[in-house]
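Below: one structure, written as structure tokens.
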Amino acid sequence: MNALRDRPWHVAMAALALGLGLAPYPQVPAAGVAAGLGCVVAGLASAPLAGALAAALVLSGAAAGDLRLDAIDAPAARVRDGESVTVRAWLVTPIRPGRFGSSAEVTVSSGPLRGARLLMRTSQWAPLPRHSGVGEGLTVRGTLTALRPHAEAYEAQLRRRGLAAELYARTAHRDGNRRGGVPGALDAARRRAETGVEAGLDTAGAELVRGMVLGEDQDIDPGVRQDFRDSGLAHLLAVSGQNVVLLAALALPLLALAGLGARARLLGLLLLTALYVPLAGAGPALQRAGVMGAAGIAATAASRPGSGAYALLLAAAVTLVANPRAAGDPGWQLSFAAVAGIIVLAPPLRRGMASVLEALRPGPAPARAPVRVAASRAAVDGVAMSVAATVATAPLLALHFGRVPLAGLGANLFALPAVAPVMWLGMAKAAVGQLVGLGPPVAPLALALASALGWVAGLPLGYLSWVARAFADVPGGVVTPPVRSPLTLAMAYGLLLAAWAGASRLLRRGGDRAQEAAGAWRRMARTRRAALAAVAVAALLLAGGHVLGPPRPPRGFTVRFLDVGQGDATLIQDPSGAAILFDAGPPEAAAWRLVRRAGVRRLSAVVATHPSRDHHGGLVDVLDHFPVGVLFDGGDGTPDAGFRAVESEADRLGIRRVVARAGTAFAVGSISVRVLSPPPRPTGPPPEDPNPRGIVAVVSSGDFDLLLSADAESVALLPLALPDVDAMKVPHHGSADPGLPEVLGRLRPEVAAIEVGEGNTYGHPTPSTLHALIRAGARTYRTDRDGTVSLTVEDGEMRVDTER
């Protein structure tokens, strides 16, 4: 094992990083790990001194990690759980809207908690000041919640981010101050970069580029974000090592054009990297990328070949010195797995693809155009790195998120031509934005240039969005492998390595045949080669169009209880393409995306059952994304601003609105709908509780009947002439309802679906509701556990499929 003896710095850096990574886990004996590693290194390298040094570095790293953790946790010791406080603080991250309010990280600027980094959270009813920017001063009144040392996953994640506590804010106001010094200068540069990035782009495009270039992804539409996740392109929406690589690729030619020498160009790259990392947020992935980039640049400046493995280990040590808990962060792990995959898997992939292309190219090498050769090499490099990173991160994605986007490999390959142009144009726009601070006459010219660059960026940006949307909709594009523990993670990586070794052996054995086939290809007449290539391209286009084209309507009558979190959205479809949507959940659930993935291109009708944000909140987006025949309006005269926005949007788009009352009936395709409730509203103001007057309807197709009851519980249901049905949506997300057993006795459903959000704070569904459904003999499905539930009726048979 001369490799260990020949690379002492690699061994030293690995030992130091291991020791730092052990610091957050006192239950693991650092001395035992150090002794074990020392023995292994001494034995493999045949060098006892090397083993002793590795052991000493593990112990030193663990000790340094303990000291660093003490410093990080010191502010948390000053937090008194449940204390009401008024603090002045700096906003250090953009405000991120959430399902139940907003959140942002702040650093306390004065008082006993000075220096403490807190996660400030607010409810929907006490929002943070709008348009507050990073670096602004806030005065916050609220209650502190301490983080427990041995916390659940959520609190453990907050501790990994260096947060001392949560601050539930009752009020938060700007105090008119901004940070000074270096942080203040970076804040100002970031604001100018935002101005440059946004120029010349529409809102959606500006949000995407801010995420890709500056790491500000908080405003990206939830549906667009989910498309990027499900297509395996989520890494593009956050700054990472890719940004540093592209920055270097963009800056090097410009520095060369400026007449700088080799050393000066490398120093310029170091300076640009040092500026870009904090400008883009300095998250763990970018810290790692910055350290690796700096290590590679320093190695080049010293006229030494850069070592990817050493740079990776150095980045691990540096990021763990900054925060020893970082290794437990999924983003940190995914980032390192991706880079390790590129280091290990990309070179053989690159060589293999290059040899295939070389064998297939007709004509002698000197006759080839340099530009074509360079483009070919760039394409091979991009494909090799994409494949390597995708394969290396798949088990970790399964462990942390329970999902692996199989479509991610194809999506990343298709996205390759657009990623670099978008990144480069975005970085150029951010750089031009810095000139805005110079004022007239430079500022208007800078904005004009940034706008022109935005217009150019629109094309590759639109293409990227299309790739994300198309691959997110690929049937079976997301799988859920059973990787749920470190042991199964190790087994998954073992299987990947075995598959890789097997594939490599097969490729080596088939090398001679491949050479023979390549020779036959080169000996073909040019016209025949062109014809075969055209046939192959046509076949690929047809296959791609079939896979990436819009989903087709289901073959049988289908009811989809959509997983929109704590809310309701039920989609009814028949094979003719007719579709009816009952509600659309809260706006952040982006139900329109789920409707699109179900193969819907037009909604025959939309039913807004009653004014409640978790039912009507997503309807405005639905109306904007689909042609809609008619809106059945269950507003009941409500003054609710959100529901009135739905009505206003329907009027703006020219969608006919019909007030749904008991006795209303309509049919589209094979679907018929009969409204049972509510009766006409008496004169006077609308009721304070809209739930009992929600639209209750029976949806039928042939002999199949389904009851949809919105949030109307037994008080509203028992007076109705309830029919015998095959399936039902359980009212009000499965809340406690003493009359539910009687309702079930009259309906006698075979299948019951509860549309409910995972981890909701209401306790839905309640045990009493679940027991009532069990006693009634109904097969019960829940969107919080099963995901979207699809009920299909075909040839008189009813089948239920779940997403999870």
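The values are calculated or read from the model by the stated rules, or taken from the named source; none is laboratory data. Model, not experiment: these values are computed from the prediction. Quick reminder, even Gly has a Cβ in these numbers, built from the backbone with ideal geometry, and neighbours come from all protein chains shown. The accessibility values were calculated without ligands, DNA or RNA, using every heavy atom of the protein model including side chains. Shrake-Rupley method; radii C 1.70, N 1.55, O 1.52, S 1.80 Å.
Taking P680 and the conditions (1) farther than 28 Å from T792 by Cα; (2) at pLDDT 90 or above; (3) outside any helix (DSSP H, G or I), which numbered condition does it fall short on, given that it satisfies the others?
(2)
With open to solvent by less than 20 Å² (accessible area, probe 1.4 Å) and either assigned to a helix (DSSP H, G or I) or closer than 20 Å to G215 by Cα (or both) as the only criterion, which of G437, G458, G462, G433 stands out?
Numbers: G437 fails: open to solvent by less than 20 Å² (accessible area, probe 1.4 Å); G458 fails: open to solvent by less than 20 Å² (accessible area, probe 1.4 Å); G462 fails: open to solvent by less than 20 Å² (accessible area, probe 1.4 Å).
Exactly one of G437, G458, G462, G433 is open to solvent by less than 20 Å² (accessible area, probe 1.4 Å) and either assigned to a helix (DSSP H, G or I) or closer than 20 Å to G215 by Cα (or both), namely G433.
Being more than 28 Å from P553 (Cβ to Cβ), open to solvent by less than 70 Å² (accessible area, probe 1.4 Å), without any contact (Cβ under 8 Å) to a residue 40 or more places away in the chain and of a type outside the set (D, E) is the requirement here; does A776 meet it?
Working: more than 28 Å from P553 (Cβ to Cβ): yes; open to solvent by less than 70 Å² (accessible area, probe 1.4 Å): yes; without any contact (Cβ under 8 Å) to a residue 40 or more places away in the chain: yes; of a type outside the set (D, E): yes.
It is true that A776 is more than 28 Å from P553 (Cβ to Cβ), open to solvent by less than 70 Å² (accessible area, probe 1.4 Å), without any contact (Cβ under 8 Å) to a residue 40 or more places away in the chain and of a type outside the set (D, E).
Pull up the range 604-617, narrow it to residues that are of a type outside the set (K, R) and in contact with a Pro (Cβ under 7 Å, 6 or more places away or on another chain), then point me to the one that is least open to solvent (accessible area, probe 1.4 Å).
Initially, the range 604-617 is screened for residues of a type outside the set (K, R), giving 604-612, 614-617.
When the remaining residues are screened for being in contact with a Pro (Cβ under 7 Å, 6 or more places away or on another chain), the result is 610-612, 614, 617.
Working: H610: 1, P611: 18, S612: 29, D614: 32, G617: 19 Å².
Filtering first and then ranking leaves H610.
For residues that are part of a loop (DSSP other than H, G, I, E, B) and open to solvent by less than 40 Å² (accessible area, probe 1.4 Å), scanning just the range 784-803, find the one that is farthest from V559 (Cα to Cα). Steps first, answer last, please.
First, the residues of the range 784-803 that are part of a loop (DSSP other than H, G, I, E, B): 787-788, 795-796, 803.
Remaining after also requiring open to solvent by less than 40 Å² (accessible area, probe 1.4 Å): 787-788.
Working: G787: 14, T788: 10 Å.
Of everything passing the filter in the range 784-803, G787 is farthest from V559 (Cα to Cα).
Which of the residues spanning the range 162-174 are part of a loop (DSSP other than H, G, I, E, B) and open to solvent by 100 Å² or more (accessible area, probe 1.4 Å)?
Going through the range 162-174, the residues part of a loop (DSSP other than H, G, I, E, B) turn out to be 162-164.
Hits for the range 162-174: nothing passes.
Working only within the range 30-54, note down all residues that are closer than 12 Å to L18 by Cα and open to solvent by less than 20 Å² (accessible area, probe 1.4 Å).
Within the range 30-54, A34, A54 meet the criteria.
Tell me which residues, restricted to the range 9-44, are aromatic (F, W, Y) and part of a helix (DSSP H, G or I).
Step one: list which residues in the range 9-44 are aromatic (F, W, Y), which gives 9, 25.
Across the range 9-44, the qualifying residue is only W9.
Any residue in the range 68-80 that's open to solvent by less than 50 Å² (accessible area, probe 1.4 Å): show its pairings with residues that are part of a helix (DSSP H, G or I) at Cβ separation under 6 Å, as long as the two are six or more apart or on different chains.
L69/P324
May I ask you to list the residues in the range 177-214 that are small (G, A, S) and open to solvent by 30 Å² or more (accessible area, probe 1.4 Å)? Lay out the reasoning, then the answer.
Within the range 177-214, the subset small (G, A, S) is 180-181, 184-185, 188-189, 193, 196, 199-200, 204-206, 211.
Within the range 177-214, G180, G181, A185, G200, A204 qualify.
What are the residues in the range 329-351 that are charged (D, E, K, R) and either open to solvent by 50 Å² or more (accessible area, probe 1.4 Å) or within 16 Å of A311 (Cα to Cα) (or both), if any?
Let us first name the residues in the range 329-351 that are charged (D, E, K, R), namely 329, 350-351.
Selection gives R350, R351.
Could you say whether any residue in the range 149-156 is open to solvent by less than 60 Å² (accessible area, probe 1.4 Å), part of a helix (DSSP H, G or I) and among the aliphatic types (A, V, I, L, M)? Talk me through it step by step, then tell me what you get.
The initial filter retains those residues of the range 149-156 that are open to solvent by less than 60 Å² (accessible area, probe 1.4 Å), namely 151, 155-156.
Still in the running and part of a helix (DSSP H, G or I): 155-156.
Next cut, among the aliphatic types (A, V, I, L, M) only: 156.
Yes, the conditions are met somewhere in the range 149-156.
May I ask you to say which residue of A407, A389 is under 22 Å from G494 (Cα atoms) and modelled with pLDDT of 70 or more? Step through it out loud before you land on a result.
Values: A407 fails: under 22 Å from G494 (Cα atoms).
Residue meeting the stated conditions: A389.
Kindly evaluate A772 against the criterion of being in contact with a His (Cβ under 6 Å, 6 or more places away or on another chain) and of a type in the set (A, V, I, L, M).
Working: in contact with a His (Cβ under 6 Å, 6 or more places away or on another chain): no; of a type in the set (A, V, I, L, M): yes.
It is false that A772 is in contact with a His (Cβ under 6 Å, 6 or more places away or on another chain) and of a type in the set (A, V, I, L, M).
For the range 699-783, list the helices (runs of 4 or more DSSP H) that sit wholly inside it and hold at least 1 residues that are on the phi > 0 side of the Ramachandran plot and touching a Pro at 6+ places or on another chain (Cβ under 6 Å); which are they? Don't jump to the end; show me each part of the working.
Working: elements: 714-717, 740-747, 767-775.
Answer list for the range 699-783: none.
Here is a yes/no grid of residues against (1) at pLDDT 90 or above; (2) among the aliphatic types (A, V, I, L, M); (3) surrounded by fewer than 24 Cβ atoms within 10 Å (Cβ to Cβ); (4) under 35 Å from the mean Cα position of the chain (by Cα):
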site: P686; (1), (2), (3), (4): no, no, yes, no
site: V698; (1), (2), (3), (4): yes, yes, yes, no
site: F704; (1), (2), (3), (4): yes, no, yes, no
site: P719; (1), (2), (3), (4): yes, no, yes, no
site: D726; (1), (2), (3), (4): yes, no, yes, no
site: V730; (1), (2), (3), (4): yes, yes, no, yes
site: S735; (1), (2), (3), (4): yes, no, yes, yes
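Collect the residues in the range 474-529 that are in contact with a Pro (Cβ under 9 Å, 6 or more places away or on another chain), in a helix (DSSP H, G or I), at pLDDT 65 or above and open to solvent by less than 50 Å² (accessible area, probe 1.4 Å), keeping them in residue-number order.
Across the range 474-529, the qualifying residues are T488, L489, A492, S504.
For residues that are in contact (Cβ under 8 Å) with a residue 24 or more places away in the chain, open to solvent by 30 Å² or more (accessible area, probe 1.4 Å) and under 24 Å from V224 (Cβ atoms), scanning just the range 618-665, find the one that is nearest to the chain's Cα centre (by Cα).
My answer is D621.
Which numbered condition in (1) closer than 20 Å to V658 by Cβ; (2) surrounded by 24 or more Cβ atoms within 10 Å (Cβ to Cβ) is the only one that F561 fails?
F561 satisfies every listed condition except (1).
Name the residue that is surrounded by the fewest Cβ atoms within 10 Å (Cβ to Cβ), counting only residues in the range 102-125 that are assigned to a loop (DSSP other than H, G, I, E, B), touching a helix residue (DSSP H, G or I) at 6+ places or on another chain (Cβ under 8 Å) and hydrophobic (A, V, I, L, M, F, W, C). Give the derivation first.
Filtering the range 102-125 for residues assigned to a loop (DSSP other than H, G, I, E, B) gives 109-116, 124-125.
Filter once more, keeping what is touching a helix residue (DSSP H, G or I) at 6+ places or on another chain (Cβ under 8 Å): 113, 115-116.
With the extra rule that they be hydrophobic (A, V, I, L, M, F, W, C), the set shrinks to 113, 116.
Working: L113: 25, A116: 23.
Per the stated criteria, the residue is A116.
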